[in-house]
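**Q** First the structure, then my questions, so here it is.
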Amino acid sequence: MWVLRFDKPSGEPIALFINYAVHAVVLGGDNKQVTGDLSGTASRWVEQRYGDKLVALWTSGPAGDQNPKYMSWGMSWGPTYTGKTTEPGFPLNDSLGQMLGEEVARVSENIRSKTPRARIYAAEKVVTCPAKVPARTAVQPASAAAPPETVDLRLGLLMLNDIALAGVQSEIVTNIYYHLQRESPFTNTIMVTHNFGSMGYIPEDAAYDRPTFEVNATRFARGCAEGKIVGGFLDMMGQDH
């Protein structure tokens, strides 16, 4: 759980930047309602915890292969033995959201590293990889246009002093983030996914031999995206110095 806290000069917090790697799918695939799911519940709990005096901004980390520990795949289980209809998804979502919210509050209140001034640097880069037709859409009608040979991916870097926010236009799996962490010159390197829209899943290079959902669904051919993502961020980080 990554938390950045922004305070007034008086020390009162006005905003929390939250980053956690998890799919917001606690309510399951049967949910047809518009909800914030786990992330929305966690942010709402944090804001209420602080008396609605701050904004709790949720961002998704490298959650491409990270589901919640518990999920409800039925929004209504129908009448129970008591004769009442239950909706198990919402109580479960509230519980998990509170657990994450309590962790956000714990981290926030234990932050000791503060600075009255911040240097801000931003950069953006577009990288290109050979394309792959996702297995889910491999069967195309005869009249369909030919699939593209390449696919572009947008990367964005925002530096706040020595904190690196690495934004990716996709759903990245955890091992790509670990790769970036190992190579990054900044200890506080945070990956923010779903930036600039979405280009679907991107698995690490070593995963392409496994028939996982991420490998079958990706639009990126083997052996390119992981290196382009890590290398692209390292280039932008180097330009900051």
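Values quoted throughout were computed directly from the atomic coordinates according to the rules given, and no laboratory measurement underlies them. Small disclaimer: the values here were computed from a predicted structure and weren't measured. For neighbour counting, all protein chains shown are included, and Cβ atoms are generated from backbone atoms with ideal geometry for every residue, glycine included.
**Q** How far is it, in nm, from the label point at Asp7 to the one at Glu149 when both lie 7 Å from their Cα along the line to the Cβ?
**A** A separation of 5.7 nm, rounded to one decimal place.
**Q** Using a Förster distance of 35 angstrom, determine the FRET efficiency expected from the C-beta separation of Lys114 and Lys69, and round it to 0.05. If you can, show how the numbers build up before the last one.
**A** Numbers: r = 33 Å, r/R0 = 0.94.
After rounding to 0.05, the efficiency reads 0.60.
**Q** Skipping prolines and chain starts, which residues have an amide H placed within reach, meaning under 5 Å, of the one on Asn188, given they are 5 or more residues away or on another chain?
**A** Those lying under 5 Å, H to H, from Asn188 are Ala164.
**Q** OK, next. Count of lysine pairs in the chain with Cα atoms under 28 Å apart, counting only pairs 8 or more residues apart in sequence or on different chains? Walk me through the numbers on the way to the answer.
**A** On the way: Lys8/Lys53; Lys8/Lys114; Lys32/Lys69; Lys32/Lys84; Lys53/Lys114; Lys69/Lys84; Lys125/Lys228; Lys132/Lys228.
So the count works out to 8.
**Q** When the Karplus curve 6.51 cos²θ - 1.76 cosθ + 1.60 is applied with θ = phi - 60°, which whole-Hz ³J(HN,Hα) does each residue of the range 22-31 get, with x for Gly and Pro?
**A** Ordered by residue, 3J(HN,Hα) equals 7, 5, 8, 10, 4, 6, x, x, 7, 6 Hz.
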